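Encoded as structure tokens, the structure appears first; notes follow it.
The values are calculated or read from the model by the stated rules, or taken from the named source; none is laboratory data. Bear in mind the structure is a predicted one, so any value in this text is a computation, not a measurement. Counting neighbours? That spans all protein chains shown, and the Cβs are built from the backbone with ideal geometry, glycine included.
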Amino acid sequence: MEKEKIIEVKNLGASFDGFNVLSDVTFNAHPGEVTIILGSSGCGKSTVLRHLLGLYPIQKGHISVLGKDISQFTEQEQKQLYLQMGVFYQNGALLNSMTVGDNVALPLKQHTFLPDNLIEDIVFMKLGLVNLEDAYHRYPSELSGGMLKRAALARAIVMDPPLLFCDEPGAGLDPISLESLDNLILNLKEQLGMTILMVTHEVSSILRIANKIVYLDHGQVVFEGSVRDALSSDVEQVKQFFSVINEGQKLNL
Ligand SMILES: Nc1ncnc2c1ncn2[C@@H]1O[C@H](COP(=O)(O)OP(=O)(O)OP(=O)(O)O)[C@@H](O)[C@H]1O
Ligand SMILES: [Mg+2]
């Protein structure tokens, strides 16, 4: 039986100033899974995410998210969809002028009519999920890089989005902080049933958390499949990417 799809990208194409970035991108993501988008710098990974978020108009092809074709959306529908997606960027930018608690509360204040005491409870709970309860009253400048990322993750999930998009969330973290961030992401997947689409180059993260890999090259998907299939793939780019892992590690998977 074919797996249910929560994201469907079909023949997506995009060019900027006459320069072709995506020529024909087709892949699916399935509910409750972590899908990793891989590919060399500048190949268009973030561009694919921005299309899924509705930040770029679709020039060619189709995208369905949560069963709906987003190219047909009105601005209002687009806004509604956007609220169902959490976004966690590379630099995780929190606003420096506000406490961590207020930063995490921001989406709830902007998009809901919940009373302040309830918002506070939700924020505490979400900070708890990322092990940052103690940082509620602190300012971003008082946190370490790893803590800032976890705070940004708490903000990304504060509205309980069914979909979470992460663009290089682990960039700049030491291996131990990276592992704890991965474990948090796995918890979100398992406890909250989130579907996660992530761009990352961290092989260790991929082995820990990925269900599916989509490899982009020259504007196309050159590989789409499980981690296990990726590790034994004949596709040159995929082979090269995973060449850093030894045979023993592969056997453990
Ligand atoms: N709005 C835009 N206007 C002009 N060019 C753009 C725009 N968005 C993306 N591009 C171009 O598309 C190409 C792919 O960019 P993108 O950020 O998607 O790459 P990436 O795969 O995420 O790279 P990296 O791994 O370095 O983050 C780049 O050449 C970029 O300049
Ligand atoms: Mg990018």
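Summary table below
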| quantity | calculated |
| --- | --- |
| Tally of residues being without any contact (Cβ under 8 Å) to a residue 60 or more places away in the chain, closer than 21 Å to LEU49 by Cα and not in a loop (DSSP other than H, G, I, E, B) across the stretch 187-204 | 2 |
| Pairs where the first residue, in the stretch 210-221, is in the same structural domain as ASN20 (by TED's automatic domain parsing) and within 16 Å of ligand 2 (Cβ to nearest atom) and the second is of a type outside the set (A, V, I, L, M) and part of a loop (DSSP other than H, G, I, E, B), C-beta under 7 Å, 6+ apart | TYR215/GLY39; LEU216/GLY39; LEU216/CYS43; LEU216/GLY44; ASP217/GLY39; ASP217/CYS43; GLY219/GLY44 |
| From ASP182, ASP102, residue being more than 30 Å from TYR215 (Cα to Cα), of a type outside the set (A, V, I, L, M, F, W, C) and either in a helix (DSSP H, G or I) or touching a Lys or Arg at 6+ places or on another chain (Cβ under 9 Å) (or both) | ASP102 |
| Residues being touching a residue at least 24 places away in the same chain (Cβ under 8 Å) and either surrounded by 18 or more Cβ atoms within 10 Å (Cβ to Cβ) or not in a loop (DSSP other than H, G, I, E, B) (or both) - total across the stretch 59-88 | 13 |
| Failed item, numbered, when GLY54 is tested on (1) in a loop (DSSP other than H, G, I, E, B); (2) more than 15 Å from ligand 1 (Cβ to nearest atom); (3) over 20 Å from LEU188 (Cα atoms) | (2) |
| Subset of the stretch 22-45 [in contact (Cβ under 8 Å) with a residue 24 or more places away in the chain, surrounded by fewer than 17 Cβ atoms within 10 Å (Cβ to Cβ) and within 13 Å of ligand 2 (Cβ to nearest atom)] | SER40 |
| Hey, PHE16 loosely packed, with under 15 Cβ neighbours inside 10 Å, within 16 Å of ligand 1 (Cβ to nearest atom) and modelled with pLDDT of 95 or more or not | yes |
| Lone unmet requirement of (1) within 16 Å of ligand 1 (Cβ to nearest atom); (2) out of contact with any Asp or Glu (no Cβ under 8 Å at 6 or more places or on another chain) for LEU108 | (1) |
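Matching residues to (1) part of a loop (DSSP other than H, G, I, E, B); (2) modelled with pLDDT under 90; (3) farther than 19 Å from SER46 by Cβ:
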| site | (1), (2), (3) |
| --- | --- |
| ARG138 | yes, no, yes |
| SER141 | no, no, yes |
| LEU164 | no, no, no |
| GLY170 | yes, yes, no |
| SER177 | no, yes, yes |
| VAL214 | no, no, no |
| VAL222 | no, no, no |
| GLY225 | no, no, yes |
| ASP234 | yes, no, yes |
